[in-house]
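Here is the structure we will look at, set down as structure tokens.
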Ligand code: GRF
């Protein structure tokens, strides 16, 4: 029997994406187990979810560090204790240093609540509304040195309704986030994603530039 794949999750808040990954893992749909959850904020709801599920947790409070580099070094050391096959950012609200990103190159994933390359950064839903976009959505992508800029893996779209506010749109998008993150993590852990000459492939085919479009919601 092969050794189960291991995932480390980094989060800062309520942890609903982590919870969707946990659910998928319990249903044997993830291709691996969540071995560690690290939060950078005391009181992050995701820590409680992890502890209740019997998952190892660590709190590395960035406010107790004098520099981003020192924080990232301790963060990396904590992650290395479980030798993860994949590090998953699930609402982790910290910009990571280039050294950290290089250390986990091609095994560091994020979910961002917009149709990247549209709206990297914050306030994505309000920006989509302000621009009168017909659709909003979420993107799972590998992380590189640019903010929300690494290669997209999987994207989900939702229609923007006339009455949508940033809050209602966020809720619609969050619902599809919970669908696509476990799927993309499964693709990684089951070896379906690879980088060939720096280009992301799935099942040996180049992945479209904005990632695959998830078709479960339209
Ligand atoms: C999600 O909207 C995710 O896309 C963004 O941060 C939020 C985290 O929510 N990166 P949760 O903590 O997973 O509920």
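Observations
- In the chain, helices alone account for a calculated mean residue ellipticity at 222 nm of -9500 deg cm²/dmol, with every DSSP H run of four or more residues adding -39,500 (n - 2.57).
- Of 110, 33, 52, the one that fluctuates the most in a GNM where the chain has Cα springs shorter than 10 Å: 52
- The calculated P(r) of segment 94-158, using every Cα pair and 10 Å bins from 0, goes 23, 49, 23, 6 in percent.
- Diffusion of segment 110-218 by Stokes-Einstein, at 37 °C in a medium of 0.692 mPa s and with Rh set to the Kirkwood radius over alpha-carbon pairs, works out to 232 µm²/s.
- Diffusion coefficient, µm² s⁻¹, Stokes-Einstein with Kirkwood Rh over alpha-carbon pairs of segment 12-63 at 37 °C and 0.692 mPa s: 295
- Antiparallel DSSP beta bridges within the chain, percent to nearest 5: 45
- In units of the rule-of-thumb radius 2.2 N^0.38 Å, segment 1-104 shows an alpha carbon radius of gyration of 1.03.
- Max mean-square fluctuation residue, GNM over the chain, Cα-Cα springs under 10 Å, options 80, 183, 162: 162
- Residues considered: 85, 133, 163. Largest GNM mean-square fluctuation over the chain, using C-alpha springs under 10 Å, is found at 163.
- Based on alpha-carbon atoms, the Kirkwood radius and the radius of gyration of the chain give Rg/Rh equal to 0.95.
Read-outs: derived from the displayed coordinates by stated rules, not from any lab. The shown structure was predicted, so the numbers you read here are calculated from the model rather than taken from an experiment.
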